[in-house]
1. Do you know which of the residues in segment 126-149 that are surrounded by fewer than 24 Cβ atoms within 10 Å (Cβ to Cβ) and hydroxyl-bearing (Ser, Thr, Tyr) is farthest from the ligand (Cβ to nearest atom)?
2. Quick check on segment 257-271. Is at least one of its residues open to solvent by 70 Å² or more (accessible area, probe 1.4 Å) and part of a loop (DSSP other than H, G, I, E, B)?
3. Counting just the residues of segment 111-125 that are open to solvent by 40 Å² or more (accessible area, probe 1.4 Å) and hydrophobic (A, V, I, L, M, F, W, C), which one comes out nearest to the ligand (Cβ to nearest atom)?
4. Go through the residues of segment 91-98 one by one and say whether even a single one is out of contact with any Phe, Trp or Tyr (no Cβ under 6 Å at 6 or more places or on another chain), within 12 Å of the ligand (Cβ to nearest atom) and assigned to a helix (DSSP H, G or I).
5. From the set of residues in segment 92-101 that are more than 19 Å from GLU218 (Cβ to Cβ) and either touching a residue at least 60 places away in the same chain (Cβ under 8 Å) or within 22 Å of the chain's Cα centre (by Cα) (or both), which is surrounded by the most Cβ atoms within 10 Å (Cβ to Cβ)?
6. Taking ALA102 and the conditions (1) away from the ligand (no atom under 16 Å from the Cβ); (2) in contact with a Phe, Trp or Tyr (Cβ under 8 Å, 6 or more places away or on another chain); (3) under 28 Å from LEU269 (Cβ atoms), which numbered condition does it fall short on, given that it satisfies the others?
7. Considering only segment 13-65, how many residues are touching a residue at least 40 places away in the same chain (Cβ under 8 Å) and open to solvent by 60 Å² or more (accessible area, probe 1.4 Å)?
8. Within segment 214-223, how many residues turn out to be open to solvent by 30 Å² or more (accessible area, probe 1.4 Å) and under 22 Å from VAL20 (Cα atoms)?
Amino acid sequence: MSGTVNLQSRVYNFSAGPAVLPVSVLEKIQQDLLCLPGAGASILEISHRSADFIAILESAKSGIRQLLAIPEDYKILFLQGGSRLQFSMIPMNLLRNSGQTADYILTGSWGKKAFAEAKKEGNVNVAWDGKEGGYSNLPMQSELRLTADAAYCYITSNETIEGVQFHAEPDTGNVPLISDASSDFMHRPLPIEKYGMVYACAQKNAGPAGVTVVIAKEELLTQGADDLPGYLNYKQHLDNDSMYNTPPTFAIYVLDLVAKWLLNDIGGLDKMHQLNQDKAALLYDVVDSSNGFYAGHAAKNCRSLMNVTFRLPNDELQSKFVKQAAERQLTSLKGHRSVGGIRVSIYNAMPLDGVVAMRDFMQEFAQQNA
Ligand SMILES: *Cc1c(COP(=O)(O)O)cnc(C)c1O
């Protein structure tokens, strides 16, 4: 089996998640899979209590801490259950029996799903809902109907399905801001001190499926009631340093490699952000200069750097677009089944070459079919 053959048969994968990983990370996994250096066994075989694994867990935490400049009073947890479980755990720990209200800013499909789970746990308030605009835009600060002493205010920093993304945080005063950053985690530096909690499943922008990263102020992780099921109480995970039960060791290992790639190969999140802006601009420029052939979904000032969403004039052209793109090894472009259209996911690990190939294809396709 030769590495070259594998590389040549790799497509440009624009999947929304699980999604593209850096080739150098995949190669490192391949190289060390049979025997993790020093461990005498595979990462898939060693105990989560072994010194080798604990070193990986610590390295993943410190890599993320360094990349996002996370202050000391914030803790990092590695959990399972995906972002979906966070939709429930957040209100279970912070809203249930609190007598308070939780504010939700709804900017797309994932936020609505999180809101539906929160309703089961206590009083919720929709601080803003983008429904009227078809979830194509974001609120201005003055439009938010915030609750003064809310338990927290919840946003989805990047709505993966609609392709709208916050480029700055809403101001929630003393109310902890909680962000589902599943699809744009570590795509830019974040002012963490503006947040109470930021969480992300890894499989969009940071690693494989199986691990969810929770970064939170320590005080938010200790509020869960003792009668919550153990796994669902953040405190258990905090007290046990993410080893309350067997953590997803392989996923954490890959997350660590991705953090190292961001630090050493990319050179940090400022550089990553610049690259992400450059990549996204290539595609949005084609949309904007296509005389409406490509109709972008998101309002210009809320466009996602991660998920570029647009429609073609009709379904027939859309199918043709997807088919011809696949012939050029540009794959997974169909929009989410709930909204249709085209979605080009260009996460951190999508190389510039892939986006250039996509841009060239979009230009040619418009010339031939407009
Ligand atoms: C994918 C996604 C989720 C769901 O993640 P799971 O790990 O499948 O539970 C939640 N929020 C956002 C923004 C997502 O992109």
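1. SER142
2. Checked against the condition, which is being open to solvent by 70 Å² or more (accessible area, probe 1.4 Å) and part of a loop (DSSP other than H, G, I, E, B), segment 257-271 yields no hits at all.
3. This residue is ALA116.
4. No, because not a single residue in segment 91-98 is out of contact with any Phe, Trp or Tyr (no Cβ under 6 Å at 6 or more places or on another chain), within 12 Å of the ligand (Cβ to nearest atom) and assigned to a helix (DSSP H, G or I).
5. For segment 92-101, the residue satisfying everything is ARG96.
6. (3)
7. Final tally of qualifying residues: 4.
8. 0
The values are calculated or read from the model by the stated rules, or taken from the named source; none is laboratory data. This structure is a prediction, so every number in the text was calculated from the model and none was measured. A quick note on method: Cβ atoms are made from the backbone with ideal geometry, for glycine too, and the neighbour counts reach across all protein chains shown. Calculation scope for accessible area: heavy atoms of the full protein, side chains included, ligands and nucleic acids excluded. Shrake-Rupley method; radii C 1.70, N 1.55, O 1.52, S 1.80 Å.
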